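Chemist: Next up is a structure, given as structure tokens.
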């Protein structure tokens, strides 16, 4: 089997398993929701089918057994309970491991065999307490008053062969779908509106309900289904995907799917109503000809003469409108997507980084040579490279929601382990940031959430005693703020004990007994290495390892951490992270012969530092009617050489406070390709990376947050001296 | 049948899934027996599943057959409307009662 196909399957299976995890967690909340049971079954059914096809035999056999378990729930033989959810989640993790194995033909390990035994045992268990009050649907019972459509057929296999696959490279095709449920459809737990939601998720859907069979109230059986649908669906999904939507109503509905040619397929202008009606078999061509001879509107004539029903006419008109919309959309240009491996994307970003550096050299060289022709080319090249850089960076932007979903499982498993009842709410899952940043945020966020669960949220009994709901809440939010993303994790637990934190900090030597620090600063003590206020060490936290890792990782991402807490009400940890780590807009400055880059996103202003202010020694200048502390980069980085008489202060704003950075001169803006500092410089204070300039020299990227935090201390030292 | 001119308003509240369809049909049947015109207030409806929609169609048909009418009043919330878009029973809301009615395909109503 071609490795490329295998890898492609792995990626798709991974997405399905992520989806399955999410469905199972929802199912745990709503164990009687048949749509969720069906969705879980479908996900696992797809993994099973494809696993076998791509040579993952072991995973295929294992998945087959899990499918059996879910099938027993789907068919009502087994109720969904905690055990089923636990087993399915463990099985899902095991399938993921199996798919990652190089050799998929080996024997099952002990864990897999034990799980398979558990599947079979669970599947054979009859649900106690009856299925009607749990997850299973009521047994179907026919209602005499309700209409019975023609004998149900499976989703037709007789669709012409050329319609079996979607168009090349995801081209959207249009299908006409007739969905005619039997009257007892509701009784097996199916909700037709949900099926239509699923259908709508596949593409552009125009549904036309056929309500002609609904009787008067006196004859109505409220639990019978009377409505059918004629739908038009334009989708790049395959016919199998469409059939899959109806997979669980095969025995209780008539579903007819046929592909229809759009005008774009045939290169024709919009279809006429008459053509559509003939095409749908609603009217004979002769009757159409007769109606057309009248000078009145075709639809009215056909309905008045009882050639077509109102419902047929409505359907045909909706089809005409749908095809027009599709045609208009196609005229706007195709929109499709392709799957690209993240390695290739990383390579592309690296190459663009090199290109940006080379472009800077070209621009500099053209300036030196003073050749107008070359300068013009270099400037045009500069614009193109900027666009290419922006496009490439946008390709790496992903919604943070994928990471948020993982945390639901963490919260579920951990709250179970700790005997707590905790709900995770995620807001802003669509917020996009660089995929590398997302990957690196995973561990810090897990640490914060684990900490909230362990130290923040109280036990159900404690919460009850405090007058709170037994179920605690952790709220995860993400939102854009300029060139940053602000992520906050808040809980409604007991809040942080400021006195305990300070006492522990003194005990650990992190704070002097007489030291006076503000609340915000005191909360940040929990991020110091070795700090922990937990009285007992648990498997979750309390070892003092974790929160310092959070701070270190966020620092290395160029971000900041802050904490807010209210006793009895809960705590919030706020992370402010730059959108990307690869290429930033920077401000190039010079100190003696050294060059530094300041991230442009934090630069507020550039002002002149008068010699009188330099001489005062206070390290404070008056800026916009306020005193602004400043840090001299020459002193901070021990740059040799004499300072010139006239210098510049770059005012940066970090964590809502402004600080001045003194430099010899400001060169200008700079597209900065961030290169990590070598291992030797990992602990260099005040630097977050380096970049290569157009002339090949290295400029150091300043960690403005670190410099800003040291400004007050430097000011105090200056006053003392 | 009570006084023909009497208008009775039925306020629906919450989510109407299959478990409430029988009660809804009974309630509307009772109201139709006493009033010619029935107003359905949608302001506090969170969800209407297909069984409830069918009951409303059937009740409107019965009202029309008796020379009366079933109309919608109040505002159908954006959430309610959005749940009905995929099935063709609504467009994006919020919609006023008459707008909501006008988007229900072939809803039995008396022509002015």
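Read the figures in this text as sums done on the coordinates, not as results from a lab. Everything numeric here is computed off the predicted structure, so don't read it as measured data. So basically every Cβ, Gly included, is an ideal-geometry build from the backbone, and we count neighbours across all protein chains shown.
Chemist: If I model a spin label as a point 7 Å beyond the Cα along the Cα-Cβ vector, how far apart are those points for residue A:611 and residue A:566 in nm?
Modeler: For residue A:611 paired with residue A:566, the spin-label model returns 5.5 nm.
Chemist: Okay, moving on. Would any residue of segment A:5-30 have its amide N under 17 Å from a label point 7 Å out along Cα→Cβ of residue A:240? List them or say none.
Modeler: A:5-17
Chemist: Between residue A:102 and residue B:82, what is the spin-label point distance in nm, taking each point 7 Å from the Cα along the Cα→C-beta axis?
Modeler: Taking the two extended label points, one gets 4.9 nm.
Chemist: Sort all Cα-Cα distances of segment A:398-578 into consecutive 5 angstrom bins from zero, then give the percent of pairs in each bin up to the one containing the longest distance.
Modeler: 1, 8, 17, 21, 21, 16, 10, 5, 1, 0
Chemist: Between residue A:429 and residue A:370, 0.36 nm times their residue separation minus their Cα-Cα distance comes to what?
Modeler: Length difference between fully extended and current span is 16.2 nm.
Chemist: Additional query: Using only atoms on other chains, find how many Cβ atoms lie within 10 Å of each Cβ of peptide B:17-23 and report the average.
Modeler: 3
Chemist: Let me make sure I get this right: for segment A:545-606, a, b and c are the square roots of the gyration tensor eigenvalues over alpha carbons, sorted descending. Under 1.5 in a/c it's rounded, otherwise prolate if a/b > b/c, else oblate. Which is it?
Modeler: The shape class here is prolate.
Chemist: Which FRET efficiency, nearest 0.05, do residue A:470 and residue A:71 yield, Cβ-Cβ r, R0 51 Å?
Modeler: 0.90
Chemist: Other chains' Cβ within 10 Å of A:224-233 residues: what's the mean?
Modeler: The shielding value for this peptide is 3.
Chemist: Based on other C-beta atoms within 10 Å, arrange A:452, B:96, B:90 from fewest to most.
Modeler: Result, fewest neighbours first: B:96, B:90, A:452.
Chemist: Return the Cα extents of segment A:583-720 along principal axes one, two and three, sorted largest first, each rounded to a whole Å.
Modeler: Sorted from largest, the Cα extents of segment A:583-720 read 38, 27, 27 Å.
Chemist: How would you order A:395-401, A:517-523, B:59-65 from highest to lowest mean count of nearby Cβ atoms within 10 Å?
Modeler: Listed from highest to lowest mean packing, they are B:59-65, A:395-401, A:517-523.
Chemist: Give me the inter-chain shielding for B:60-67: mean count of other chain Cβ atoms within 10 Å, whole number please.
Modeler: Mean partner shielding for this stretch: 3.
Chemist: When chain B is modelled as a GNM with alpha-carbon springs shorter than 10 Å, which of B:47, B:99, B:27 fluctuates the most?
Modeler: Highest fluctuation among the options: B:27.
Chemist: In which sequence would B:45, A:18 go, from the one with the fewest C-beta neighbours within 10 Å to the one with the most?
Modeler: A:18, B:45
Chemist: As a test, work out the antiparallel percent of DSSP beta bridges whose residues both lie in segment B:7-102, rounded to the nearest 5.
Modeler: Close to 10 percent.
Chemist: Okay, moving on. What share of all Cα pairs of segment A:3-124, in percent, falls into each consecutive 10 Å distance bin?
Modeler: In order of increasing distance, the bins hold 14, 50, 30, 6, 0 percent.
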